[in-house]
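Working notes, structure below.
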Amino acid sequence: MKILLVRVSSLGDVLHNMPIVDDLLQHYPEAQIDWVVEEAYVNLVKLNPGVRKVFPFALRRWRKNLGDALGKQELQNFFKDLRREEYDLVLETQGLLKTGLIMGLARIKAGGKKVGLANGTEGSGYEAISRVFHTESVKVNSRTHAVLRGRLVAAQACGYRVTTPASFGLRGSALHPAWMPDKPYAVFFHGTAGASKKWARSNWISIAQTLKQTGMPILLPWGNPAEKAEAEQMAAQMPNASVLPQLTMQEATVLAQRAALAIGVDTGLTHIAAAYETPTIEIYCDSPRWKTEGNWSPKIINLGDQGKPASVGEVERAIQRLIPTQIPG
């Protein structure tokens, strides 16, 4: 069976689509699975050994360069490459017009089908027009977890039931960046796009004091100049904390995977740590916890909820559950 997954963005959403690969291979071990994804997340998808081929999608860049010969050529090459394949099944789990169009362009074999979401969940950007590209649409409950949603679409398309915890199938990387400590470390994923989703700086500083007794260095990544400035201000008030250089997607993934402890707000890098089953504390401040909480491993503790940020005390108790008081250096 040849299967194409269409899930192009964002980082968290691409990650939450990963368990579909493991599910499909559990039921169809010989399946060949391909994936269309935004070019920024190609290396993340390639960490899943169950994916045979990745089609990089660069709509934003192509839009900017449509008057450019190179941009036009890249777009044409994408369509040619995609249509060179024929699939038994195309799964589109994002529910947007742009992803529906990709599904529409993909070729299926005689008797093949294209399956996607019949409806959106609460707060999703679902676009009903995407259904015109389906041969079959799967209805889900309006409060279905982001990981389970895609798994249910694939299960109905292939005739099996979802009965196991999510398995992301991500392998480790051999990459060893120069900034990587040689002893166990904690990472604070403090940055996020929306100010309302952030945890108070004073809280992070308090947790750094709590972790002082472990002797672990605390690493502070950032994604833009504002987050870098915030990380620098935090580090100035934290024992044993350092601000990292700007990271590539591969480096950020390694950072999340190898941490002895990851603490983060509702953001893609926190979800990567949870997918690797790194001891992770997910802090929800202004987004519904039910949508993305890590519910597949006891190594993940989810705290807070929309409009109800976790307290410092709750995070301290979670740390005590996840790691020993003293970690040998």
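The values are calculated or read from the model by the stated rules, or taken from the named source; none is laboratory data. The structure presented is a predicted model; accordingly, all values stated were derived computationally and were not measured. Every residue, glycine among them, receives a Cβ derived from its backbone with ideal geometry; neighbour counts consider all protein chains shown. Remember, those area values only see protein heavy atoms, side chains included, never the ligands or the DNA or RNA. Shrake-Rupley method; radii C 1.70, N 1.55, O 1.52, S 1.80 Å.
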Original post:
With every protein chain left in place, what is the accessible area per residue of the chain in square angstrom, probe 1.4 Å?
Top reply: 44
**OP:** Show which aspartates and glutamates lie in cross-link reach of Lys212 when reach means a straight Cα distance below 15 angstrom and same-chain residues fewer than eight apart are skipped.
**Re:** Glu316
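Carbon and sulfur: what percent of the range 152-290's accessible surface (1.4 Å probe)? Display every interim value, and only then the final one.
Values: 2680 of 5490 Å².
Of the solvent-accessible surface of the range 152-290, carbon and sulfur hold 49 percent.
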Original post:
Roughly how many nanometres apart are two label points built 7 Å out from the Cα toward the Cβ at Arg171 and Ser242?
Top reply: 2.9
Original post:
Mind ordering 189-198, 92-101 by average Cβ neighbours within 10 Å, highest first?
Top reply: 92-101, 189-198
Subject >> Amide H partners (placed H, <5 Å) of Gly304, local residues excluded >> reply: Tyr284, Ala310
Subject >> Taking the chain and dividing mean pair separation by its residue count, relative contact order in percent (alpha carbons under 8 Å, at least six apart) >> reply: 15
Original post:
If you wrap a convex hull around the C-alpha atoms of the range 1-42 and split its volume per residue, what is the figure in Å³?
Top reply: 55
Original post:
For the peptides 168-179, 47-58, what is the packing order when you average, over each peptide's residues, the other Cβ atoms within 10 Å and list the highest mean first?
Top reply: 47-58, 168-179
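So, with +1 on the Cβ of K and R and -1 on the Cβ of D and E, and no other charges, what is the size of the charge dipole of the chain about its Cα centre, to the nearest 20 debye?
Working: 38 positive and 30 negative charges, 113 e Å.
In debye, rounded to 20, the chain gives about 540.
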Subject >> Global geometry of the range 213-277, whether rounded, prolate or oblate, following the gyration tensor of its Cα atoms and the 1.5 cut on a/c >> reply: oblate
Subject >> For the range 138-234, alpha-carbon Rg and Dmax in angstrom >> reply: 19.5, 53
Subject >> Correct choice for P(r) over Cα pairs in 20 Å bins from 0, in percent that was computed from the model, options [x] 33, 58, 9; [y] 31, 55, 15, 0; [z] 31, 63, 6 >> reply: [y]
Original post:
Rg and Dmax of the range 77-203, using alpha carbons, in Å: what are they?
Top reply: 19.5, 60
Original post:
What lysines could a cross-link reach from Lys2, if we take a straight Cα to Cα line under 18 Å and drop same-chain neighbours fewer than 8 places away?
Top reply: Lys46, Lys53, Lys80, Lys109, Lys113, Lys114
Subject >> Calculated on alpha-carbon atoms, Rg and Dmax of the range 77-122 in Å >> reply: 11.4, 37
**OP:** Using the charge dipole of the range 185-241 (Lys, Arg: +1 at Cβ; Asp, Glu: -1 at Cβ; taken about the Cα centre), state which of Phe188, Gln237, Thr210 has its Cα farthest towards the positive end.
**Re:** Thr210
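How would you order 274-284, 299-309, 253-263 from highest to lowest mean count of nearby Cβ atoms within 10 Å?
Working: 274-284: 24.9, 299-309: 18.3, 253-263: 23.4.
Put in order of decreasing packing, that is 274-284, 253-263, 299-309.
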**OP:** Taking all pairs of distinct Cα atoms, average 1/r, flip it, and tell me the Kirkwood hydrodynamic radius of the range 16-127 in Å to one decimal place.
**Re:** 15.4
Subject >> Quarter of the Cα convex hull surface for the range 208-325, i.e. its orientation-mean projected area (nm²) >> reply: 7.2
